[in-house]
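In what follows, a single structure is set out as structure tokens and then discussed.
What follows draws every value from the coordinates through simple rules; no lab data is involved. If you're wondering where the values come from, they're calculated on a predicted model, not measured in any experiment. Here Cβ is always computed from backbone atoms with ideal geometry, including for glycine, and neighbour counts include all displayed protein chains.
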Amino acid sequence: MGYWGYFVVGRAERPLAELEALPGAADMTLRRSAPDGWQVWEFAGGDGDVGNMNDLAGQTGAPALFGYVMDSDCVVVEAAAPESGAWTTCLARTAMAGYLGAERDGLTLEDYFLEPRDAAERAVAWAVEAGRTASAGDLAEVLSDDPAADTDGGGADADPADGPVAETLFFRFLDRLGVVPL
């Protein structure tokens, strides 16, 4: 069994867990800090409501991003920024399609999530608003990657550079955004 839970990414002068935008943050743990106040917090299990990333972006005045990891197989990525708005995509699309079912009520994966190329363009705008430079090609590569062949389990304690589990893709995505280097 893999990891289930949220990663909350934002930039603030104080800990994200103290902000009103994250009322469910009492159970969050700081995973990483990066230059310029970037923080990655973990909400293991993902049961309950950690908060709203649109509210987090509004409260901090900076882009924010949530990654919901599903059994280390795939990640729902929700992002928001005060100027460029909100968007949603996923990492490990084949596994995500499996969680959604081949087709539910006539809807496909693309009805729920931006395709890698479109998500990469939105991610570049998000990075620019964060004061970073990102390559749409590098982001599209991560967004198109598929860790389905991973067998080592990984989990939340895995080093993001070790293997191709969904958490690794998420941290690689953050690296390509320029906010939290590997």
Please list, ordered by chain and number, the residues whose modelled amide H lies under 5 Å from the amide H of residue 85; skip anything fewer than 5 residues away on the same chain. none
Can you pull the semi-axes for the chain, root of five times each eigenvalue of the Cα gyration tensor, sorted largest first, whole Å? 23, 18, 17
Only Lys, Arg (+1) and Asp, Glu (-1) charged, at Cβ; region 1-88 dipole about Cα centre in debye: 260
Go through region 112-123 residue by residue and turn each phi into a ³J(HN,Hα) via Karplus (6.51, -1.76, 1.60, θ = phi - 60°); whole Hz please, and just put x for glycine and proline. 9, 10, 4, 5, x, 5, 5, 5, 4, 5, 5, 5
Karplus-derived 3J(HN,Hα) from phi for region 49-57 (6.51 cos²θ - 1.76 cosθ + 1.60, θ = phi - 60°), whole Hz, x at Gly and Pro, runs 10, 6, x, 10, 5, 5, 5, 5, 4
Considering amide H positions built from the backbone, and no H for Pro or chain starts, which residues 5 or more places from residue 5, or on another chain, come under 5 Å of its amide H? 45, 69, 71
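Filter the GluC sites (Glu not before Pro) in region 1-88 down to the DSSP loop ones having no more than 16 other Cβ atoms within 10 Å, then list what survives. Intermediate results must be reported in sequence, preceding the final value.
Values: sites: 13, 18, 20, 42, 78, 83; in loops: 13, 20, 83.
In loop regions of region 1-88 (DSSP not H, G, I, E or B), the sparsely surrounded GluC sites (Glu not before Pro) are 13, 20, 83.
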In whole Hz, what ³J(HN,Hα) sequence does region 170-182 give by Karplus (6.51, -1.76, 1.60; θ = phi - 60°), x for Gly and Pro? 4, 5, 5, 4, 4, 4, 5, 6, x, 9, 9, x, 5
